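Below is one structure, written out as structure tokens; the observations come after it.
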2 protein chains.
Amino acid sequence: MRHFEEQLQELFKRIVLMGTLAENMIQTAVASMVKRNEALAQEVFAKEDEVNALQVEVDDRAVKLTALQQPMAKDARFLFMASRIGGELERIADQAINICQNTRHAIEYPPIKTLVELPIMAEIAQKMVRDSLSAMIQRDVSIAEKVLVEEKKVDAFRDQIFRTLLTYMMADPRTIQPALSLILIARNLERIGDHATNIAEEVIYWIQGRMFGTAK
Amino acid sequence: MRHFEEQLQELFKRIVLMGTLAENMIQTAVASMVKRNEALAQEVFAKEDEVNALQVEVDDRAVKLTALQQPMAKDARFLFMASRIGGELERIADQAINICQNTRHAIEYPPIKTLVELPIMAEIAQKMVRDSLSAMIQRDVSIAEKVLVEEKKVDAFRDQIFRTLLTYMMADPRTIQPALSLILIARNLERIGDHATNIAEEVIYWIQGRMFGTAK
């Protein structure tokens with residue numbers, strides 16, 4: 001049983017490592033967008049395999065531990081949480097990569113004013129991911145519940161950015177292509193916020209045994 | 001142990017039910033788009049709670065079974081698959097809802113030619129979901145592997161639709177708003193294809209014990 005506890009700790013470490021990596025990818029992706037810097041995008045692409053490999057390892061360990069040990073209710077919840085949070089983090093990493101791809105298209109054109117709103121939205125989305133992981137690491141439901149509240153802010157930003165860019169496109173067709181890329185980036189950030197919300201819900205369920213099913 | 005087997009069967013039934021529901025939601029959402037029919041969109045919105053409730057139940061049963069019984073490796077894999085496929089199906093249902101929301105915006109404007117390409121893409125995405133579930137029900141790896149191949153088709157369609165709509169928008173700004181909605185629908189369909197691919201990978205892992213970690 002001692003061995004089992006150690007194995008659970010190992011698994012936990014892997015998720016935290018995945019979270020740090022995913023966070024770092026978002027941060028670099030947003031920097032690439034703000035600084036219009038292609039080299040930063042390359043850094044993000046370079047991390048994809050590592051994140052995917054970690055998710056495979058997390059899933060593998062969670063399933064093996066379930067099969068080899070008889071987990072208690074709380075441990076079983078932890079093992080499922082580990083597997084699902086691994087999935088959310090892998091999706092967050094995917095969104096960071098999508099932000100870089102959309103940035104690559106956007107920076108082929110002159111900058112658009114709205115880029116001042118996107119970084120604010122990006123900040124909120126990043127904070128949601130950071131907080132959802134802190135909630136898990138500190139086993140703190142109150143931090144997780146803050147994340148759930150933030151989600152509405154991100155959605156409001158997405159709508160605002162969408163409307164603003166739409167008016168630019170209608171006014172000047174030359175802005176259509178870069179504006180489209182920015183609209184897609186806003187949606188990438190929205191999805192990052194959704195995944196952070198899912199992680200926060202998993203953490204609350206893990207700690208309180210409460211169940212959520214409204215994954216975004 | 002007999003009781004455990006029955007419980008696993010019950011869980012399996014719930015996933016199949018969820019899959020049927022999600023499939024039905026995509027079909028209705030696509031019909032709503034093609035027929036430009038708002039009433040069909042309402043039918044899809046009405047099913048959201050049922051899908052979410054089913055996911056909660058699937059997760060709940062999977063975790064409880066893991067905690068109450070000592071699952072063998074294959075059963076443990078099944079329980080994790082159940083939980084993860086439940087998550088994918090809930091996300092597929094979300095995308096059906098997004099298609100309806102985007103359709104609602106699109107039909108405020110005159111139809112755009114490209115709508116002939118979208119239904120073909122929708123057909124492929126729907127077939128991918130259907131096949132990924134058949135692969136699970138029939139425990140047939142070859143069906144699951146076909147789904148993985150289809151994914152590239154969906155991505156190619158998304159790019160083609162995106163390019164075509166872009167030229168329309170540049171040529172006539174009055175098409176910008178409806179075209180944007182169609183671009184978003186193409187992305188919704190792409191994500192449905194991604195989730196079907198994830199389901200197919202879960203099924204292959206379940207049957208062969210092979211591990212995937214590249215969730216989309």
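Peptide B:151-164 has a mean shielding of 0, counted as Cβ atoms of other protein chains within 10 Å of each residue's Cβ. One equal scatterer on each Cα of the stretch A:8-148, no solvent, Debye formula: the resulting log10 I(q)/I(0) at q = 0.09, 0.17, 0.20 Å⁻¹ is -0.32, -0.92, -1.13. For B:ASP155, the distances from its label point to the matching points in the remaining copies are 3.0 nm, ordered from shortest, with each point set 7 Å beyond Cα toward Cβ. The residue of chain A whose Cβ sits closest to the rotation axis that maps A onto B, together with that distance in whole Å, is A:GLN70, 2. Each residue of the stretch A:104-113 is assigned a 3J(HN,Hα), and the resulting list reads 4, 5, 4, 7, 6, 10, x, x, 10, 3 Hz, derived from the Karplus form 6.51 cos²θ - 1.76 cosθ + 1.60 (θ = phi - 60°), x at Gly and Pro.
What number, rounded to the nearest 500 deg cm²/dmol, is the helix-based mean residue ellipticity at 222 nm of the protein assembly as shown, given -39500 (n - 2.57) per DSSP H run of at least four residues and division by all its residues?
That calculation yields -30500 deg cm²/dmol at 222 nm.
Our summary gives the stretch A:30-143 a relative contact order of 34 percent, counting only alpha carbon pairs under 8 angstrom and 6 or more residues apart.
Label-point distances for A:PRO119 to the equivalent site in the other copies, using a point 7 angstrom along Cα→C-beta, read 4.7 nm when ranked shortest first. In whole percents, the pair-distance distribution calculated for the stretch B:31-114 from its alpha-carbon pairs, binned every 10 Å from zero, is 17, 33, 22, 16, 10, 2. Here is the tail figure for the stretch B:96-216: Cα pairs spaced more than 27 Å apart come to 27 percent of all pairs. Within the P(r) computed for the stretch A:138-198, what percentage of the Cα pairs occupies the region above 16 Å? Result for the distance tail: 52 percent. Take B:ALA46, move 7 Å from Cα toward the beta carbon, and the resulting point lies 5.5 nm from the same point in each other copy, nearest first. The translational diffusion coefficient of the protein assembly as shown, from Stokes-Einstein at 25 °C and 0.890 mPa s with a Kirkwood hydrodynamic radius over alpha carbon pairs, comes to 112 µm²/s.
Would you work out which of A:ILE143, A:ASN98, A:VAL116 lies farthest towards the positive end of the dipole of chain A, given +1 charges on the beta-carbon of Lys and Arg and -1 on that of Asp and Glu, about the Cα centre? Comparing the listed Cα positions along the dipole, A:VAL116 ranks first.
Taking the alpha carbon gyration tensor of the stretch A:102-145, multiplying each eigenvalue by 5 and rooting it gives semi-axes of 33, 10, 5 Å, largest first. Our note on the geometry: Cα centres of the stretch A:1-67 and the stretch B:118-139, 30 Å apart. Basic side chains Lys and Arg get +1 at the Cβ, acidic Asp and Glu get -1 at the Cβ, and with that the dipole of the protein assembly as shown about its Cα centre reaches some 380 debye.
If the elastic network links every pair of Cα atoms under 10 Å, which of B:VAL44, B:VAL154, B:VAL116 fluctuates the most in the Gaussian network model of chain B? Looking only at B:VAL44, B:VAL154, B:VAL116, the largest GNM fluctuation is found for B:VAL116.
Here, each number is a calculation from the coordinates, and none is a lab measurement. Computed from a predicted model, the values in this text were never measured in an experiment. Glycine gets a Cβ as well: all are built from the backbone with ideal geometry, and neighbour counts include every protein chain shown.
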